[in-house]
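Notes to accompany the following structure.
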Amino acid sequence: MSALKEITEVGGLLGLGLGIGILCSGIGGWFMDAVGIIATLVLFFAAGWIFLSRKVLKDHESKAWLVQGLFSTIFMLSFSMFSLVLFEVLGVFSHGVRWFAWKFDLLIVTVTLIFLLPYTFCFLIFRYMEWPIQQSALFASGAWLVYLWAFYAITNSLPIGGASGSFLVMGISRLGVLGVTAMAITSGFGAVNMPRTNLIYFMRPVEEHHIQSLEKRLMKTMDMICAKKKLMLEIEHKKRKEPGSAGGGWGVGGFLRSVTGGGEDRNLGSSLAIMQSEVEGMQEVSSEMFEELHELRMARQQMFFKRTWKGSVLNYLGYFFSGYCVYKITMATINIIFNRVAQVDPVTRWVGITLATIGGFETVDMEGLLQSISFVLVGVLISLSIRGFLQLWLKIFRLQNASYSIYYSNMLVLFMAWMMGVYFVSSVLLMRMNLPVTYRQSITEVLGDIEFKFYHQWFDFIFIISALFFVATFYFLESTKSKPQNDMPDYLHSD
């Protein structure tokens, strides 16, 4: 219930911000438009603060107001940019107010992502190493300058900016390259992993006797590890009990023992070393067995789930999205070969083709209908992007132990904020192409010199490479799993 309450609070603030903006725009006048923009930003900032403090840092005691403020600022600006896309479509606020809001959001997000967040992150790295504040600030400046040089050098050779050379165009264009690259890599992974995890065809057939056989081998391995360790303890105990073996050999008896009995000690030492290496090897094998046993049990549970009606529905949806993934990979390849950029999203295109094939819609304004469908898809894409991004980073953040230092938690929060800002900047650049020309005016005027076509071609290029890489990776992993474990010692196989 607490998690639902937190989500409701954040979602309520975001919805309230959109509602107040639409309400103020309905009243009319530049003053009410300004009030609507400010109220939207304030509510988005509060939603980001609540999300961080109650959802991300609920098990941590971090009181770094600067870190929370930077995260909430990026959260506010990211959602503000997406809301402005919707406001462009719905005609909320005047053109001049929307242009100013775009300018403000993009300028602040550029300064924060290029200057404030990287410097603060570098500073916390040195503080995490327990350096004094003055030295941390000094060395953080040097690391930040190296980051700026790398940030400029990596993207300088790409045709991303226009002739104006303004700070805003240079900053957003380079941030967009990094964000589009990250999006293309994750999209390539999803296009390959989605069919692999949701279709029965790709599921690993697992029977109960497979699990029982692996459990027997695992128990046998654990018994042998325990027996070896017990024998090692007995040998060490025997060595300690023998006279002259623990520092008592400096007298005549010790000298005689070094001449007559040293060979036995060396034999015991070599036996201990051999058994220790055997134990380490069996522990590594047992760890692999644990992982394989867990995978077998999860695969077994997945097989039972696929036999339910929910599993069947997900399987059919898997076929649909698998076809879409294949279509996406094919179209990306065609776009690269013929140097073209898709002007309409594929779903809208196929809906138009289907309606034209069926016929009977001559009296319907097809352009308006398709634009409405495109508007809905833009909203769905925004919601799914935000939901997927936040869920991903919540999982990553919770992988760390709550006992880690506060500096480490703050560093992860700052990195999460930087990735969120870069991700949403690139999303806006890519989403612009799916908007009708009449609704791109404000974005184009603010970032008119940016080569928007390059980002779509860059996305397709990285997407294809990523998809092929993950296809090869998953094929290698599956072929490795399917091979018999011939390298496993014979005494570990079940009878």
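The values are calculated or read from the model by the stated rules, or taken from the named source; none is laboratory data. It should be emphasised that the depicted structure is a prediction, and the values quoted were computed from it without experimental measurement. All Cβ positions, even for glycine, are placed from backbone atoms using ideal geometry, and neighbour counts span all protein chains on display. Only protein heavy atoms, including side chains, enter the accessible area calculation; ligands, DNA and RNA are left aside. Shrake-Rupley method; radii C 1.70, N 1.55, O 1.52, S 1.80 Å.
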Which residue out of A101, A137 is at pLDDT 85 or above and open to solvent by less than 20 Å² (accessible area, probe 1.4 Å)? A101
Picking from K310, K306, K328, the residue that is modelled with pLDDT under 75 and basic (K, R) would be K306
List the residue pairs whose Cβ atoms are under 8 Å apart, where the first residue sits in segment 126-144 and is closer than 17 Å to S409 by Cβ, the second is hydroxyl-bearing (S, T, Y), and the two are 6 or more positions apart or on different chains. F126/S136; R127/S136; R127/Y407; Y128/S405; Y128/Y407; Y128/Y408
If you go through segment 25-54, how many residues are open to solvent by 30 Å² or more (accessible area, probe 1.4 Å), under 24 Å from the mean Cα position of the chain (by Cα) and modelled with pLDDT under 90? 4
Counting just the residues of segment 63-98 that are open to solvent by 20 Å² or more (accessible area, probe 1.4 Å) and in a loop (DSSP other than H, G, I, E, B), which one comes out modelled with the highest pLDDT? S94
Please identify the pairs in which a residue from segment 288-315 that is surrounded by 11 or more Cβ atoms within 10 Å (Cβ to Cβ) has its Cβ atom under 6 Å from the Cβ atom of a residue that is charged (D, E, K, R) and outside any helix (DSSP H, G or I), counting only partners at least 6 apart or on another chain. A299/R204
Any idea which residue in segment 108-132 is most open to solvent (accessible area, probe 1.4 Å), counting only those that are assigned to a helix (DSSP H, G or I) and among the aromatic types (F, W, Y)? Y128
Considering every residue within segment 146-161, establish whether at least one is open to solvent by 50 Å² or more (accessible area, probe 1.4 Å) and touching a Pro at 6+ places or on another chain (Cβ under 6 Å). yes
Whether any residue in segment 459-467 is surrounded by fewer than 14 Cβ atoms within 10 Å (Cβ to Cβ) and modelled with pLDDT of 75 or more is what I want to check. yes
Go through (1) part of a helix (DSSP H, G or I); (2) open to solvent by 30 Å² or more (accessible area, probe 1.4 Å); (3) modelled with pLDDT under 65; (4) more than 30 Å from E278 (Cα to Cα) and name the single condition L390 misses. (2)
Mind checking which pairs have a first residue in segment 331-349 that is at pLDDT 65 or above and a second that is among the basic types (K, R), Cβ under 9 Å, 6 or more apart or different chains? I334/R340; V341/K453
Report every pair of residues separated by at least 6 positions or lying on different chains whose Cβ atoms are under 6 Å apart, first residue within segment 269-284 and touching a residue at least 60 places away in the same chain (Cβ under 8 Å) and among the hydrophobic types (A, V, I, L, M, F, W, C), second in a helix (DSSP H, G or I) and open to solvent by less than 30 Å² (accessible area, probe 1.4 Å). M282/T221; M282/I225
Tally of residues being touching a residue at least 24 places away in the same chain (Cβ under 8 Å) and open to solvent by less than 50 Å² (accessible area, probe 1.4 Å) across segment 316-328: 3
Among (1) at pLDDT 85 or above; (2) open to solvent by less than 50 Å² (accessible area, probe 1.4 Å), where does M488 come up short? (1)
F290 meets each of (1) at pLDDT below 75; (2) closer than 30 Å to K229 by Cβ; (3) of a type in the set (F, W, Y) with one exception, condition (1)
